[in-house]
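Read the structure below first, then the notes.
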Amino acid sequence: LKAGSKITYERHGNERPGAIPADIVFVIREKPHHSFKRQDDNLIYEHRLYLKQALCGADIGVKTLDGRRLNVHLDGPVA
């Protein structure tokens, strides 16, 4: 979901006897993140490499949004 998207639960708010329940509406807000940037439906992660790593390959550790560590293996030259 993109920022500004709305999620509506129809007739789930203010439920009480004799009254028509109201709608509950949630509006999505994006919070900036220190490692990832959003570009349309993609998450972008930037990592600086030394020239040797960019030309010969390297193993890069990326911390995911849920806290796991993902190892990305770069094989050969990186553009």
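The values are calculated or read from the model by the stated rules, or taken from the named source; none is laboratory data. Predicted model, so just to flag it, every value in this text is computed and none were measured. Here Cβ is always computed from backbone atoms with ideal geometry, including for glycine, and neighbour counts include all displayed protein chains. Areas reflect the complete protein model, heavy atoms only, side chains present, ligands, DNA and RNA absent. Shrake-Rupley method; radii C 1.70, N 1.55, O 1.52, S 1.80 Å.
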Within the range 36-79, track down each residue that is in contact with a Leu (Cβ under 6 Å, 6 or more places away or on another chain), surrounded by 13 or more Cβ atoms within 10 Å (Cβ to Cβ) and more than 28 Å from Ala3 (Cβ to Cβ). Gly57, Ala58
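Can you name the residue in the range 45-76 that is among the small types (Gly, Ala, Ser) and part of a loop (DSSP other than H, G, I, E, B) and, of all such residues, is farthest from His34 (Cα to Cα)? Don't jump to the end; show me each part of the working.
Of the residues in the range 45-76, the ones among the small types (Gly, Ala, Ser) are 54, 57-58, 61, 67, 76.
Imposing the further condition that a residue be part of a loop (DSSP other than H, G, I, E, B) reduces the set to 67, 76.
Working: Gly67: 13, Gly76: 28 Å.
In this case the residue turns out to be Gly76.
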Considering the range 1-35, residues that are within 15 Å of the chain's Cα centre (by Cα), among the hydrophobic types (A, V, I, L, M, F, W, C) and open to solvent by less than 100 Å² (accessible area, probe 1.4 Å), and then whichever is nearest to Ala79 (Cα to Cα), we arrive at Ala3
